Every structure is written in structure tokens, then in C-alpha cells.
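To start, the structure itself, in C-alpha cells.
The values are calculated or read from the model by the stated rules, or taken from the named source; none is laboratory data. A quick note: this is a predicted structure, and the numbers were derived from the prediction, not measured. Glycine also receives a Cβ, built like all others from the backbone with ideal geometry; neighbour counts cover every protein chain displayed.
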Amino acid sequence: MTLMVVGVVIILALGFDFINGFHDTANAIATSVSTRALPPRVAILMAATMNFVGALTFTGVAKTIGGSIADPAKLENGLEIVAAALISAIIWNLVTWWFGIPSSSSHALIGALAGAVFAGAGMDYLNLGGFKSIVIGLIISPIIAFVVGYIVMTILKWIFGRHSPHTVNKGFRTCQIITAAFQSFTHGTNDAQKAMGIITFALVTAQVQTDMEVQLWVKIAAATAMALGTSIGGWKIIKTMGTKIFKIEPINGFAADLSAASVIMSATLTHLPISTTHAITSAILGVGSAKRFSAVKWGVAGRIVITWFITIPICAVLAMIILKVIHFVFY
């Protein structure tokens, strides 16, 4: 029976990773598609490939996700907790995707897992220190991405301000291909790790393994699920990020992708799970502000930011409810 539940949890985790792939495809390719640096199909194929490579490269974030919010070895009903958390995060991702809102899959999963642990085991089993550290990283990273985006765009304006806009944009349209690939790679290094961490969490809970070391088959399965999801593409969110925040030109797209990818890569190297959605959206806002503050559609940006703040509590409460339903139906 335990192995069957483990199987269900693994399927849910890979489902979350798959949805994360098409939900967050926009993170990597929205700017390059909107500026026509890459045709949509080529951009998605490149993003899927680089997501896969990135997902196989690192495991530090997976260990943080799997061990910082709660100790899986101490949870008697850990599998049910993980299942409730995954279902909650999947529901939220699908809802926000449907409405074209670039919300955070990371916030959804972390909030849901914290809520499920609290409801299923109690406050004593929730590692508040680890949870707070993760949340602080999630809060600070968009601010850093905004500042970096603003600085990078300001520097580019200073360097290329006297050149012909046509010539500048032509050159940066080519450069965008490189930064979009880098952005896709870093997305895989951070976001795919979260599903790996959850699967490893479930394996430790079920006593299939005793440590948080991510097994090779888990890496390959999570990387494949994210790559397949990415290959489908999240067109509604691509439209929001690529056209509705401000009119992005190739030099802006280059600056936003480079800024966001640098922030995400730094987080990955320090084993910190952050929201790639927040990073690229904030970088776009920073770049837009540097270009011309009035060019940014702050109403759209405001609705996105509100979604960021409500994701963790909504997913936490939803996970609590789902866990109660699971207990009611199966126990």
C-alpha cells in the first residue's frame, strides 16, 4: 500500500513539474518571441532543451526544498502531506495559467507544503527557520532582479544611446538568442529541482531511502517532465509578459533575460529556491522603468504583484482543505 501511495506522489510531482514547464515557459522566451528574435516554435524547442540540461546539472535546490520546511523522516503521514501539497500547487498553477497570470510555481509549492505539514502534523513539525529563510529569498529575489534590470538597461542606454535604434535592435535581436538560452538553462537549474526535492522527500518519508540525496532516475524523470511541459508552451502567460507590461524591444529583452538569468543562477549556486517567474517579471519591470517609467503598464504589474503575495497563503489553506478531504475519504 505504501509503495502504491509513493507511486501516486511521484506521478503528482511529475505532473506538477510538467505543468510548471508550460506555465513558466514564458519566463525564458516571452521577450525573445515578442521581439521576433526567435520564431515561437524554435523558442519553445530551445527552452525545452535547455530546461532539460539545466535540470540535470544541479541538485542543491532540491535538497533545500526536501529538507528545509520539514524533516520527512519524522512525519508519519508524510506521503499524504506531500500529495495534498502537490494537488494544491497544481490547482493554483492551472487557475493562474487559465487567466494568463504569471504567478509563482515556487510560491505555490512552498506555501502548499507548509500548509499541509501544519494541518497534517502540527506546528512542531514545521521548520519555521527553514521556511522563513526560503520565504525571505522569495521576497528579496524580485527586488534584486528589478534593481539589476534597471542598472543593466541604464548602462546599455548610456553605451548605445547615440547609435541608430534600427542597428542596435538588429544586433541585440541576435544576442537575445543567447540570453534566452541562458535563461532557459537557469530555469531548469532552479525550478525542476523543486519536483526532485518533493519526490526525494516522499522517498525518505516512505523509508525507501534514508537521506536527501537525489537519485539519478529522479533527476531524469523531473527533467523530462519539465522539458515536455515546456515544449507545449504557455501562450497566455507569454502574451502577458511579452506585450502587456511594456513594449519590449530587442535591447530591452536582452537586458531583462540577462538580469533575470544572473539572479536565478546566483540563487541556484547558493541552493536557494526562488521564483523564476518573479525574477524575469521583476527584471522586465526594472528594464521598462529604466527605459521610461511611464512606459510600464503599472496596473498590469500591480495585479501580478498582488498574485505573488496571495499565492502562499491561498495554497497553504487549499492544501489544508485537500488533506482533510484525503483523510475523510480514505480513513
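The selection criterion, being under 22 Å from V95 (Cβ atoms), at pLDDT 90 or above and buried (at least 24 other Cβ atoms within 10 Å of the Cβ), holds for I198. Quick check on region 112-168: of everything there that is free of Cβ contacts under 8 Å to residues at least 12 places away in the same chain and outside any helix (DSSP H, G or I), which residue is nearest to E80 (Cα to Cα)? Applying the filter and picking the extreme gives G122.
Filter region 147-172 down to the residues that are among the β-branched types (V, I, T), at pLDDT 90 or above and surrounded by 15 or more Cβ atoms within 10 Å (Cβ to Cβ) and list them by number. Result: V147, V148, I151, V152, T154.
Among the residues of region 2-19, is any at pLDDT below 85, part of a helix (DSSP H, G or I) and more than 30 Å from Q176 (Cα to Cα)? Within region 2-19 (the criterion being at pLDDT below 85, part of a helix (DSSP H, G or I) and more than 30 Å from Q176 (Cα to Cα)), the answer is yes, since at least one residue qualifies. For region 80-88, indicate whether the set of residues that are surrounded by fewer than 22 Cβ atoms within 10 Å (Cβ to Cβ) and among the polar types (S, T, N, Q) is non-empty. No, region 80-88 has no match at all. Has region 28-36 got any residue that is over 25 Å from I232 (Cβ atoms), β-branched (V, I, T), touching a helix residue (DSSP H, G or I) at 6+ places or on another chain (Cβ under 7 Å) and not in a helix (DSSP H, G or I)? No: zero hits. Considering every residue within region 92-100, establish whether at least one is buried (at least 23 other Cβ atoms within 10 Å of the Cβ), in contact with a His (Cβ under 7 Å, 6 or more places away or on another chain), at pLDDT 85 or above and in a helix (DSSP H, G or I). Within region 92-100, one or more residues are buried (at least 23 other Cβ atoms within 10 Å of the Cβ), in contact with a His (Cβ under 7 Å, 6 or more places away or on another chain), at pLDDT 85 or above and in a helix (DSSP H, G or I). Inside region 40-69, residues that are in a helix (DSSP H, G or I) and closer than 25 Å to V117 by Cβ make up a count of 9. Residues in region 228-241 that are surrounded by 24 or more Cβ atoms within 10 Å (Cβ to Cβ) and under 23 Å from I11 (Cβ atoms) were compared, and the one that is modelled with the lowest pLDDT is G234. Selection of helices (runs of 4 or more DSSP H) fully inside region 249-331 by the criterion of at least 2 residues being surrounded by fewer than 24 Cβ atoms within 10 Å (Cβ to Cβ) and either among the polar types (S, T, N, Q) or without any contact (Cβ under 8 Å) to a residue 40 or more places away in the chain (or both) returns 250-269, 298-330.
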